[in-house]
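Undergrad: Dumping the structure here so I can ask a few things about it.
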Amino acid sequence: MSSNPHLSPHKGKLLVLTPGMGAVATTFIAGVEAVRKGHALPFGSLSQMQTIRLGARSENRSPLIRDFLDLPPLEDLEFGGWDVFPDDAYEAAERAKVLQSSTLDPLKDFLHTVKPMAAAFDRQYVKRLDGPNVKKAANKKELAEALRDDIRKRLEETGASRAVMIWCGSTEIYLRPAACHESIEAFEKGLVENDPAISPSQLYAYAAIMEGVPYANGAPNLSADCTALEELAVERGVPIAGKDFKTGQTLMKTILAPGMKSRMIGIRGWYSTNILGNRDGEVLDDADSFKAKEVTKSGVLDTILQPEIYPDLYKDLCHVVKINYYPPRGDEKEGWDNIDIFGWLGYPMQIKVNFLCRDSILAAPIVLDLALFLDLAGRAGQKGIQEWLSFYFKSPHVQMGHVQEHDLFIQHFRLKNTLRVLGGEEPLTHLAENYDLSENAEVV
Ligand SMILES: NC(=O)c1ccc[n+]([C@@H]2O[C@H](COP(=O)([O-])OP(=O)(O)OC[C@H]3O[C@@H](n4cnc5c(N)ncnc54)[C@H](O)[C@@H]3O)[C@@H](O)[C@H]2O)c1
């Protein structure tokens with residue numbers, strides 16, 4: 001167990017709040033319950049399944065991350081959420097069609113108990129969506145206060161000692177930071193004046209931070225990614241992270257591109273297209289919502305490949321990303337990548353990737369890890385943007401002036417070293433002093 005004296009111990013229960021109770025959120029909630037009941041294993045979750053090496057290899061200390069750090073066991077998780085539709089977690093999971101009835105039916109009683117609170121929602125920001133379970137208020141300030149009330153009530157109902165919030169709501173339209181995002185005062189004024197530049201996801205982020213609840217954004221919309229909320233998070237001592245869960249095609253991209261670059265293989269073009277038939281796909285069929293997604297998906301290659309340093313290899317790379325809404329596929333997305341590469345003496349080659357993935361199956365363990373690691377960060381006194389959680393995001397939220405890191409392997413290295421430090425251990429450098437060169441010691 002961790003030896004960090006600054007880490008306050010986990011006590012009581014942790015409430016995981018999800019604005020949005022659609023495919024991702026219900027796959028996460030049902031999955032946690034299935035694991036608790038011993039029906040399945042939490043594949044895809046580092047917090048549950050990965051080990052962490054501590055000290056020199058010869059010390060033979062490689063505990064599970066969840067044993068090394070004082071993380072809440074899954075039994076100590078409680079759930080709460082908001083949605084525009086009144087369906088409880090069972091009904092919403094059935095509708096999302098990610099999990100089969102053989103998985104869901106044994107969890108039915110439990111899932112019926114997780115009912116969505118009324119959403120802070122406005123169609124202006126998600127045009128393809130309309131539902132009845134929506135709050136009414138005079139202005140955005142009142143809506144934010146109602147969300148804060150919801151957080152307190154749900155904490156009381158569940159008896160949880162603290163909460164984290166992970167945005168699992170739809171992708172909102174693409175918004176750029178406006179004047180109301182420049183300071184806490186301007187933002188609070190904007191709330192009272194119903195500034196159209198403040199989207200519903202920002203109301204949730206604001207409510208969470210005001211309540212001391214760590215917040216992560218699983219969608220590409222602006223949300224906490226603005227000066228006002230970043231400052232508020234620092235002021236209130238709350239960790240925040242984002243944006244857009246790294247699943248599917250972008251996950252593949254951030255695995256393959258660093259590999260090509262490490263071998264100095266050139267890339268002339270990368271064409272990515274997807275078919276997707278769930279509600280997320282329907283929302284993304286709207287050009288303004290797709291714009292938000294396109295921006296987070298497109299930035300990935302440039303930062304990994306560094307064309308400014310390697311112009312011969314990556315300058316003028318043609319990168320095209322398409323998402324096509326195709327209802328028969330539901331959540332079982334299919335992605336095609338055509339990658340035009342070149343090697344020795346410029347001779348061309350091609351790579352074709354055909355990824356038949358299940359988006360929410362890849363996203364659910366991310367929600368779990370983010371919930372546990374953000375709670376850990378909060379208990380360790382971390383506040384503001386948590387760049388070490390970049391591993392989980394398509395478009396990592398970073399401090400102003402910092403460059404986003406997209407390389408999955410660098411992100412993973414950083415994540416684990418931060419966990420080591422949070423647990424009171426030395427970070428790993430892979431330098432010689434990490435190895436015990438004595439006879440019989442294994443050297444890697
Ligand atoms: N599925 C993935 O693997 C994946 C990967 C990366 C990012 N994301 C993002 O995660 C989010 C959730 O994905 P999903 O597949 O679960 O989508 P979904 O459409 O199944 O669920 C989203 C839910 O959010 C609700 N919602 C929208 N606005 C809301 C608001 N203001 N308040 C409360 N509820 C609101 C909708 O009614 C819907 O039920 C999307 O933004 C998606 O782009 C998903």
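We did not get these values from a lab; they are worked out from the coordinates using the rules stated. Everything numeric in this text was worked out from a predicted model, so none of it was measured. Note: ideal-geometry Cβ built from the backbone for every residue, glycine included; neighbour counts use all protein chains shown.
Undergrad: Considering the options 408, 10, 260, tell which one lies farthest towards the positive end of the dipole of the chain, charges being +1 on Lys and Arg and -1 on Asp and Glu at the Cβ, about the Cα centre.
TA: 260
Undergrad: Additional query: Scan around residue 78 for amide H atoms under 5 Å from its own, H built in the peptide plane at 1.01 Å from N, and keep only partners 5 or more places away or cross-chain.
TA: Those qualifying (amide H under 5 Å, at least 5 residues apart or on another chain) are 14, 15, 16.
Undergrad: Any chance you could run the full-extension gain for residue 351 through residue 262? It's 0.36 nm times the residue separation minus the Cα-Cα distance, nm to one decimal.
TA: Net length gain for the segment: 30.4 nm.
Undergrad: Which pairs break 22 Å Cα to Cα here: 243/297; 135/297; 141/383; 13/243?
TA: Exceeds cut-off: 135/297; 141/383; 13/243.
Undergrad: If R0 is 35 Å, what FRET efficiency do you get for residue 322 and residue 95 from their C-beta distance, rounded to 0.05?
TA: 0.85
Undergrad: Between residue 51 and residue 108, how many nm apart are label points set 7 Å from Cα along the C-beta direction?
TA: Taking the two extended label points, one gets 4.2 nm.
Undergrad: If you count, for each residue, the other Cβ atoms within 10 Å and average over each peptide, how do 279-291, 175-187 line up from highest to lowest?
TA: Top to bottom by mean Cβ count within 10 Å: 279-291, 175-187.
Undergrad: Taking amide hydrogens as modeled 1.01 Å from N in the peptide plane, which residues meet the under 5 Å criterion relative to residue 117, leaving out close sequence neighbours?
TA: The answer is 81, 82, 83.
Undergrad: Which order do 127, 293, 11, 394 fall in if you start with the one that has the fewest other Cβ atoms within 10 Å?
TA: Placing the least packed residue first, the sequence is 11, 127, 293, 394.
Undergrad: GNM on the chain, C-alpha springs below 10 Å: top fluctuator among 256, 104, 374?
TA: Top of the fluctuation ranking is 256.
Undergrad: What share of the DSSP beta bridges in the chain is antiparallel, in percent to the nearest 5?
TA: 40
Undergrad: Quick one: dipole size for the chain, taken about the Cα centre, charges +1 on Lys/Arg Cβ and -1 on Asp/Glu Cβ, in debye to the nearest 20.
TA: Its charge dipole is roughly 480 debye.
Undergrad: With charges only on Cβ, +1 for K and R and -1 for D and E, what is the dipole size of segment 324-390 about its Cα centre, in debye, rounded to 20?
TA: 100
Undergrad: While we're looking at this one, here's another question. Spelling out what I want: for every residue of segment 386-392, take phi, set θ = phi - 60°, compute 6.51 cos²θ - 1.76 cosθ + 1.60 (Karplus), and round to whole Hz; glycine and proline get x.
TA: Couplings: 9, 5, 5, 8, 3, 3, 9 Hz.
Undergrad: For segment 54-60, in order, what is each residue's ³J(HN,Hα) by Karplus, 6.51 cos²θ - 1.76 cosθ + 1.60 with θ = phi - 60°, in whole Hz (x at glycine and Pro)?
TA: Along segment 54-60, the couplings run 10, x, 5, 4, 5, 6, 6 Hz.
Undergrad: Among 338, 360, 381, which residue has its Cα positioned farthest towards the positive end of the charge dipole of the chain, with +1 placed on the Cβ of Lys and Arg, -1 on the Cβ of Asp and Glu, and the dipole taken about the Cα centre?
TA: 338
Undergrad: Would you kindly derive the ³J(HN,Hα) couplings of segment 393-410 from the backbone phi angles with the Karplus curve 6.51 cos²θ - 1.76 cosθ + 1.60 (θ = phi - 60°), listing them in order in whole Hz, with x for Gly and Pro?
TA: 10, 6, 10, x, 6, 10, 4, 3, x, 8, 8, 5, 9, 10, 5, 4, 6, 5
Undergrad: Given the pairs 333/394; 253/293; 115/189; 115/153; 253/352, which are separated by over 22 angstrom at their Cα positions?
TA: Exceeds cut-off: 115/189.
Undergrad: Based solely on its DSSP helices, what 222 nm [θ] is calculated for the chain when runs of n ≥ 4 H residues each add -39,500 (n - 2.57) and the sum is averaged over all residues, nearest 500 deg cm²/dmol?
TA: Calculated mean residue ellipticity at 222 nm is -11500 deg cm²/dmol.
Undergrad: If each residue of separation counts as 0.36 nm, what is the full-extension length gain between residue 67 and residue 128 once their alpha-carbon separation is subtracted?
TA: 17.6 nm
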